[in-house]
Amino acid sequence: MSWTNNPVNFIAQIEKDLCDHQKKIATDALRGVIEASPVDTGAFKGNHRLSINSRDMGFDANSSDKTGSSTLAKGLSILSQLVPFSRVYIQNNAPYGPALEYGGYSNPVKNGSWVKGKGHVIKSVGGFSKQAPLGIYGVTFTLIKEKYK
């Protein structure tokens, strides 16, 4: 039995399929962390960073994205440059990120956060953000793992 096409010709298709699948997973993961993120000023949501083959250690306190749409668009733009066998990183370097992910806010809350026109507002319970009581990245990872197993 002989091949009608040289098996080497399949390599390009396999690499394309690999990239497409990796992009799909990375897109779902980025969308997941954005959607799971609590929103105050939008700085945490605006600082999710997608990078390829090296970590992006940046943080911009002025990068506000309350809806997450521009953060997702920026990540997808970077992801469009993905080539086979690359590593994709999704991270957030906000200094308060670990408290959002693992808890660590005052418990009980002492004063709450000052909100202009509202006074002190309590945004955490039991040391965890009310908007993300189970964290962000861990929850998203579990969902992605289940979806793609």
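Among the residues of the stretch 3-18, is there at least one that is part of a helix (DSSP H, G or I), crowded, with 16+ Cβ neighbours inside 10 Å and either at pLDDT 95 or above or out of contact with any Lys or Arg (no Cβ under 6 Å at 6 or more places or on another chain) (or both)? So that I can check it myself, show each step before the final result.
Let us first name the residues in the stretch 3-18 that are part of a helix (DSSP H, G or I), namely 7-18.
Imposing the further condition that a residue be crowded, with 16+ Cβ neighbours inside 10 Å reduces the set to none.
The answer is no; no qualifying residue exists.
Given the condition at pLDDT below 95, surrounded by 14 or more Cβ atoms within 10 Å (Cβ to Cβ) and not in a helix (DSSP H, G or I), answer yes or no: does some residue in the stretch 40-48 qualify?
Here is the first cut: in the stretch 40-48, the residues at pLDDT below 95 are 40-41.
With surrounded by 14 or more Cβ atoms within 10 Å (Cβ to Cβ) added as a condition, the list becomes 40.
From what is left, the residues that are not in a helix (DSSP H, G or I) are 40.
So far as the stretch 40-48 goes, yes, one or more of its residues are at pLDDT below 95, surrounded by 14 or more Cβ atoms within 10 Å (Cβ to Cβ) and not in a helix (DSSP H, G or I).
Identify the residue in the stretch 6-36 that is under 19 Å from Ile90 (Cα atoms) and among the charged types (D, E, K, R) and, among all such residues, is nearest to the chain's Cα centre (by Cα).
Result: Arg31.
Filter the stretch 49-79 for residues that are assigned to a helix (DSSP H, G or I) and in contact (Cβ under 8 Å) with a residue 12 or more places away in the chain; which is nearest to Gln13 (Cα to Cα)?
Leu79
Would it be correct to say that Leu82 is part of a helix (DSSP H, G or I) and either crowded, with 16+ Cβ neighbours inside 10 Å or on the phi > 0 side of the Ramachandran plot (or both)?
Working: part of a helix (DSSP H, G or I): no; either crowded, with 16+ Cβ neighbours inside 10 Å or on the phi > 0 side of the Ramachandran plot (or both): yes.
Here the answer is no, as Leu82 does not meet what is asked.
Out of Ala94, Ala43, Ala29, Ala12, report the one residue that is farther than 22 Å from Lys149 by Cα and touching a helix residue (DSSP H, G or I) at 6+ places or on another chain (Cβ under 8 Å). Steps first, answer last, please.
Working: Ala43 fails: touching a helix residue (DSSP H, G or I) at 6+ places or on another chain (Cβ under 8 Å); Ala29 fails: farther than 22 Å from Lys149 by Cα; Ala12 fails: touching a helix residue (DSSP H, G or I) at 6+ places or on another chain (Cβ under 8 Å).
On inspection, the qualifying residue turns out to be Ala94.
Can you go through Lys118, Lys74, Lys147 and tell me which one is modelled with pLDDT under 95 and among the basic types (Lys, Arg)? Let's see the steps before the verdict.
Working: Lys74 fails: modelled with pLDDT under 95; Lys147 fails: modelled with pLDDT under 95.
Every option except Lys118 fails the conditions.
Quick one: Asn9 ticks every box in (1) over 22 Å from Pro98 (Cβ atoms); (2) in contact (Cβ under 8 Å) with a residue 40 or more places away in the chain except a single one, so which number is it?
It is condition (2) that Asn9 fails.
Filter the stretch 86-125 down to the residues that are on the phi > 0 side of the Ramachandran plot and touching a Gly at 6+ places or on another chain (Cβ under 7 Å), then identify the one that is surrounded by the fewest Cβ atoms within 10 Å (Cβ to Cβ).
Gly104
Determine, yes or no, whether Gly68 is surrounded by 13 or more Cβ atoms within 10 Å (Cβ to Cβ) and closer than 19 Å to Glu35 by Cα.
Yes; evaluated as a whole, the condition is true for this residue.
The values are calculated or read from the model by the stated rules, or taken from the named source; none is laboratory data. This is a predicted model, so every value here is computed, not measured. All Cβ positions, glycine included, derive from the backbone under ideal geometry; neighbour counts span all protein chains shown.
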